[in-house]
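All remarks here apply to the structure that follows.
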Amino acid sequence: MTDPTIVDTNFDSALALQLTTGSEKVQAQTIEKLATLGTAGEELLMKFLLQRQSNPPTWIDGKAYQVLYSADSLETKNFLQTNFPTGIVQLNSEQGIDYTSLQTLLAKQDFQAADRLTLQKLCELAGAAAMQRKWLYFTEVENFTNTDLQTINQLWLIHSEGKFGFSVQREIWLAVGKNWEKLWSKIGWKAGNNWTRYPDEFTWNLNAPRGHLPLSNQLRGVRVIASLLSHPAWERRGC
């Protein structure tokens, strides 16, 4: 009779290999499989994140982090608190803005609350007047720091399997020749002549079209999002 311990060890080794050397698709599938294995799966994911900690995170790291974040075990909570106390994404800000709560919401996949908080953080970047009115002028967006916009964008990218973020919206916008009507259709903000109604008609999960989120304050017209997608933060990153 085969020793079940050997079978388990071989199985774990195969999953660990897929996790470290597979394509992004294979890695994502492996993470989903590990999420169903309880402690054994969590241990492999913890090792995986530690091995990659010195490198900039990708959405694969975000997916692994989210599995551990949602786990109930004391071991995973201690691991995350020790190694990733504010989350998987480094929260850089030139204006002293704390993005910890935004990372927490995105790690929980609470995209609707994260979208509201994103607008709040953008208003913080714009200053006291924007915070009081709770929406932005396009001229305020033009003065945003590259660092802060990149941090917000990176949080959305990493915690959405690369589907959401300003840089994703910019990529689609450029691909359709900066045609706004085509962009609205591509990202699910408009169907035919009908605008998607906030909030119930938007899709607040990963089944949404690529680039669907964040919304910023797009319902106030095109000038704010035009300023966001034209911001030098993306040119600097080669986006």
Q) For the peptides 61-73, 44-56, 192-204, what is the packing order when you average, over each peptide's residues, the other Cβ atoms within 10 Å and list the highest mean first? A) 61-73, 44-56, 192-204
Q. Using a cut-off of 17 Å between alpha-carbon atoms, which aspartates and glutamates can reach Lys25, once sequence neighbours fewer than 8 places away in the same chain are excluded?
A. Asp61, Glu161
(Q) Using 24 Å as the Cα-Cα cut-off, could you pick out the over-long pairs in Lys47/Lys108; Lys121/Lys163; Lys63/Lys182; Lys77/Lys108? (A) Lys63/Lys182
**Q.** Accessible surface of the stretch 67-151 [probe 1.4 Å, protein heavy atoms]: carbon and sulfur percent
**A.** 48 percent
Q) Kirkwood-based Rg over Rh for the stretch 147-216 (C-alpha set), two decimals? A) 0.97
Q.
Would you report the distance distribution of C-alpha pairs in the chain as whole percents per 5 angstrom bin, up to the bin with the largest distance?
A. 1, 6, 13, 17, 17, 15, 11, 8, 6, 3, 1, 1, 1, 0, 0
Q: Throw me the Rg/Rh for the stretch 1-134, computed over C-alpha atoms with Kirkwood Rh, two decimals.
A: 1.09
Q. In deg cm²/dmol, rounded to 500, what helix-only [θ] at 222 nm does the chain give when every DSSP H run of at least 4 residues adds -39500 (n - 2.57) and the total is split over its residues?
A. -17500 deg cm²/dmol
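The values are calculated or read from the model by the stated rules, or taken from the named source; none is laboratory data. Bear in mind the structure is a predicted one, so any value in this text is a computation, not a measurement. Neighbour counts are summed over all protein chains in view; Cβ atoms, including those assigned to glycine, are modelled from backbone coordinates with ideal geometry. Only protein heavy atoms, including side chains, enter the accessible area calculation; ligands, DNA and RNA are left aside. Shrake-Rupley method; radii C 1.70, N 1.55, O 1.52, S 1.80 Å.
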